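The values are calculated or read from the model by the stated rules, or taken from the named source; none is laboratory data. All values reported here derive from a predicted model rather than from experimental measurement. Cβ atoms come from the backbone with ideal geometry, glycine included; neighbour counts cover every protein chain shown. Each accessible area value is taken on the protein alone, full model and side chains, heavy atoms only, with ligands, DNA and RNA left out. Shrake-Rupley method; radii C 1.70, N 1.55, O 1.52, S 1.80 Å.
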Amino acid sequence: MPELIFGTASFGMPMTKFEDVEAVKGLLQTLRDLGINRLDSGARYPPPKPGRAEELIGEASDLSKDVMVDTEIYTDTKTDGSGDLTVEAIASSTSQSLQRLKRPDGVSGRA
């Protein structure tokens, strides 16, 4: 059965409805009410403020703790990307994402 996944690229984007944690909490509650409990995020989201989307999800941990978050490895769009997918770079990106998401153990609250 297909699973709905909500994209968070606009979380923290200036001049959007999801620029602050209270707005993100409201959206997360709406998603929960609709039975959507999976988010797509990334270290580069939103483009003008990389990492802010993950921070907002982490700041809304009272509502996001039971949500599965798929996040993407950071890649530098200002370069050719060489070096971004080394073991060390992936480990660093993952660690930083987990810190922003306030999930240092890498596990969601979902069973």
Legend entry - VAL87-ASP33 pseudo-label distance in nm [points 7 Å out on the Cα-to-Cβ vector]: 4.8 nm
Legend entry - Charge dipole (the chain, unit charges on Cβ, about Cα centre) - positive-most of SER10, SER95, THR75: SER10
Legend entry - Nitroxide proxy distance, nm - points 7 Å out along Cα→Cβ at ASP80 and LYS49: 3.4 nm
Legend entry - FRET efficiency, MET15 to ASP66 (Cβ-Cβ, R0 25 Å, nearest 0.05): 0.25
Legend entry - Acute angle (nearest 10 degrees) that the helix 87-100 long axis makes with the longest principal axis of the chain, alpha-carbon atoms: 30 degrees
Inset, instruction - Identify the trypsin sites (Lys or Arg not before Pro) of the range 13-65 meeting these criteria: DSSP loop state and at most 16 other C-beta atoms within 10 Å of the C-beta. - result: LYS17, LYS65
Inset, instruction - With runs of 4+ DSSP H residues as the only contributors, calculate the mean residue ellipticity of the chain at 222 nm using -39,500 (n - 2.57) per run, divided by the residue total and rounded to the nearest 500. - result: -10000 deg cm²/dmol
Legend entry - Accessible-area composition of the range 26-111, carbon plus sulfur, in percent [1.4 Å probe]: 52 percent
Inset, instruction - Would you kindly derive the ³J(HN,Hα) couplings of the range 7-21 from the backbone phi angles with the Karplus curve 6.51 cos²θ - 1.76 cosθ + 1.60 (θ = phi - 60°), listing them in order in whole Hz, with x for Gly and Pro? - result: x, 10, 4, 8, 4, x, 6, x, 6, 10, 6, 10, 7, 10, 5
Inset, instruction - Could you provide, to the nearest whole Å², the per residue accessible area of the chain with probe 1.4 Å? - result: 60 Å²
Inset, instruction - Work out the length of the dipole vector of the chain about its Cα centre, built from +1 on the beta-carbon of each Lys and Arg and -1 on the beta-carbon of each Asp and Glu, and round it to the nearest 20 debye. - result: 180 debye
Legend entry - Segments 54-62, 70-78, 86-94 sorted - mean Cβ within 10 Å per residue, highest first: 54-62, 70-78, 86-94
